[in-house]
1. Using just the alpha carbons, could you tell me how many Å³ per residue the convex hull of segment 69-222 encloses?
2. Please list, in order along segment 264-281, the HN-Hα scalar couplings obtained from phi with the Karplus expression 6.51 cos²θ - 1.76 cosθ + 1.60 (θ = phi - 60°), rounded to whole Hz, x for Gly and Pro.
3. Quick check: from the Cα gyration tensor, does segment 150-281 come out rounded (a/c under 1.5), prolate or oblate?
4. Check PHE151: other-chain or 5+ apart residues with amide H under 5 Å from its amide H, H built from backbone geometry?
5. Counting only heavy atoms of the protein chains, get the accessible area per residue of segment 149-301 (1.4 Å probe) and round it to a whole Å² value.
6. Compute the Cα gyration tensor for segment 62-154, then decide on rounded, prolate or oblate, letting a ≥ b ≥ c be the square roots of its eigenvalues: rounded whenever a/c is under 1.5, prolate when a/b is larger than b/c in the other cases, and oblate in all that remain.
7. Treating only the Cβ atoms of Lys and Arg (+1) and Asp and Glu (-1) as charged, compute the dipole magnitude of segment 89-129 about its Cα centre; round to the nearest 20 debye.
8. Amide H of ASP105 versus every other amide H placed in the peptide plane: which residues, excluding those fewer than 5 positions away on the same chain, fall under 5 Å?
Amino acid sequence: MPHRAANRLARYVLAMVLLAGCSSAGGVERTEPTTTLATSDATSPVTTAAAPPTTAEPTTTTTAIELPPRPAWLGTRDLLLPDGSIATGLDTPHELTDRRFATIDLLPPPALDAPFEAVIDSLDASALESSTWEEGCPVPPDQLRLLTMSFWGFDERPHTGQMIVNADVADDVVEVFRTLFDARYPIEEMRIITEEDVAGPNSGDGNITTAFVCRAVRGGTRYSEHAYGLAIDVNPFLNPYLRGELLLPELARHYLPRELGAPGQITSGDVVVEAFAAIGWGWGGDWSSLVDYQHFALHDR
């Protein structure tokens, strides 16, 4: 197993041990997430536990509802043209026009009737190494936090995901996803964007709900709010970005119309927009020069 993948798997197992310890006994929902860190406490994680070694592979949770099959090619095909550009005006493959795939569990999922749970932790070396952080990023590692949270899938089951956010907004972000979990808003996948994701094929079909990515704004040189851990993209394939002819993800054209009303789409005034508005974050769907339906940020852009 490659070094980064082994580290990431070990971190996943550790986080789930923490989460399971919070939720398996008693089954009573708390009104606050586990324990949070003051932003000045950058060296001590919220909780610690020794995780047993495991070689478990990701699995897709069995579901009682009928969902479209996940295409075997999903995430593997590269849209890069010989000249290094990406084709524009691409249509959505018919296999993705009803995108309601069962979640592939990278972390053990909660029990079906479990309440929302969240753990806020500082980044250890393996978490940092697995992320896109590098020297020169605009926020230091001790100002970032790893969130391990419940989310609701399209398979009508709870799952466990992770994202990295700025320490200043960690508690607020937990409350947003508590609201979405309680509303059973469906999310396909929630995980950290890795260097392997950045260097991998540009498949144009990703749908990862995530936060921290150390990168510049689209088409610019200044750092994105994602590079500060102050922005989150939610179900990006169902809620694409459009600026002129640039569509991201490139195969998501089918989901541009908000009136489509597909599960997981975000519309003005819905539970997702209102949950982020409650913590003072803006929505890219309200922009005028471009639209970014997936994007929520503390400073709006």
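1. In segment 69-222, the Cα convex hull volume per residue is 146 Å³.
2. Result, ordered by residue: x, 6, 10, 10, 4, x, 7, 5, 6, 4, 5, 5, 6, 4, 5, 9, x, 9 Hz.
3. Rounded.
4. HIS159, THR160, GLY161
5. Ligands and nucleic acids excluded, the result is 36 Å² per residue.
6. Oblate, because a/c is 1.5 or more while a/b does not exceed b/c.
7. That gives segment 89-129 a dipole magnitude of about 160 debye.
8. Answer set, sorted by chain and number: THR59, THR60, THR61.
The values are calculated or read from the model by the stated rules, or taken from the named source; none is laboratory data. All of these numbers come straight from a predicted model, not from anything done at the bench. Heads up, the Cβs are rebuilt from the backbone with ideal geometry, glycines too, and the neighbour counts pull from every protein chain shown. Heads up: the accessible areas ignore ligands, DNA and RNA and are worked out on the full protein's heavy atoms, side chains in. Shrake-Rupley method; radii C 1.70, N 1.55, O 1.52, S 1.80 Å.
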